[in-house]
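Here is the structure we will look at.
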Amino acid sequence: VGSRPAKYKFDLADFAAYETLRDSFLLARPQGRRALCYGGIIARLARETLPNSVVFPGPSQSALQGDYEAFTDHVGSLVDDTLPEDVLDFICGAYEVGTGIGDQIAIRSWFPRYNTWDGSGLNVGHWNDECEEWYLKRRDEILAGKTKPLSGNEWRQKLRMTRHAPKLVFQMNKAALSFL
């Protein structure tokens, strides 16, 4: 979303600006449709702005003309619009924040970055009631001014839940692929 100096105090105006920028971006670009298909926290944030029906037209012309991400399995290959890491971070409300140690920066975000979410105890392969409850609580805390963007370490601690969930998801996906 941008950068902030060391010891910057985030407030509700920062969150409102992030939401406005995120929503404008998702509405104006094919990455919005792709974000809905991405799953996890990325899809949930995209659902704040986009109806599920935007996925129906499929990949954009730019994806079909070479700017794509390919997915291959034993059935064949599919292409879709790309979601580079900087776009994923932007969707999660990530900022570069000075640490006060030279030019060193830390990444802080309103919502966990996609890779942190993927390794969390909430990632069980689909968005469930527990995920939605967590999301709504986090959003309420932000809107009440009770929290700020968190670092990767803070997110990992907050989302620890159970360490077995990511392993379970991996094994379920492995079993599902062998079934297909």
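The values are calculated or read from the model by the stated rules, or taken from the named source; none is laboratory data. Quantities reported herein were computed from a predicted structural model and do not represent experimental measurements. Cβ coordinates were reconstructed from backbone atoms using ideal geometry, including for glycine residues, and neighbour counts include every protein chain displayed. Note: areas computed on protein heavy atoms with side chains; ligands, DNA, RNA excluded. Shrake-Rupley method; radii C 1.70, N 1.55, O 1.52, S 1.80 Å.
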The stretch 65-118: number of residues that are of a type outside the set (Asp, Glu) and over 23 Å from ARG139 (Cβ atoms)
21
How many residues does the stretch 122-137 hold that are buried (at least 16 other Cβ atoms within 10 Å of the Cβ) and in contact with a helix residue (DSSP H, G or I) (Cβ under 9 Å, 6 or more places away or on another chain)?
6
In this structure, does PRO51 turn out to be modelled with pLDDT under 95, closer than 23 Å to TRP117 by Cβ and out of contact with any Phe, Trp or Tyr (no Cβ under 8 Å at 6 or more places or on another chain)?
yes
Suppose we filter ILE41, ILE101 for residues that are of a type in the set (Val, Ile, Thr) and closer than 29 Å to ASP129 by Cβ; which single one remains?
ILE41
Selection from the stretch 9-20 of residues in a loop (DSSP other than H, G, I, E, B) and crowded, with 18+ Cβ neighbours inside 10 Å yields PHE10
Tabulated pairs, the stretch 85-108, first closer than 19 Å to ARG47 by Cα, second surrounded by fewer than 12 Cβ atoms within 10 Å (Cβ to Cβ), C-beta under 9 angstrom, 6+ apart or interchain
ALA94/ASP86
Give, as residue ranges, the helices (runs of 4 or more DSSP H) completely inside the stretch 21-93 that count at least 3 residues that are loosely packed, with under 14 Cβ neighbours inside 10 Å.
61-64
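Quick grid of which residues meet (1) modelled with pLDDT under 95; (2) in contact with a helix residue (DSSP H, G or I) (Cβ under 6 Å, 6 or more places away or on another chain); (3) within 20 Å of VAL55 (Cα to Cα); (4) charged (D, E, K, R):
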{"position": "HIS74", "(1), (2), (3), (4)": "yes, no, no, no"}
{"position": "LEU78", "(1), (2), (3), (4)": "yes, no, yes, no"}
{"position": "ALA94", "(1), (2), (3), (4)": "no, no, no, no"}
{"position": "ARG108", "(1), (2), (3), (4)": "no, no, no, yes"}
Subset of the stretch 96-121 that is in a helix (DSSP H, G or I) and among the hydroxyl-bearing types (Ser, Thr, Tyr) - its residue that is least open to solvent (accessible area, probe 1.4 Å):
THR116
Complete set of residues in the stretch 139-152 that are more than 16 Å from the chain's Cα centre (by Cα) and either without any contact (Cβ under 8 Å) to a residue 60 or more places away in the chain or not in a helix (DSSP H, G or I) (or both)
ASP140, GLU141, ALA144, GLY145, LYS146, THR147, LYS148
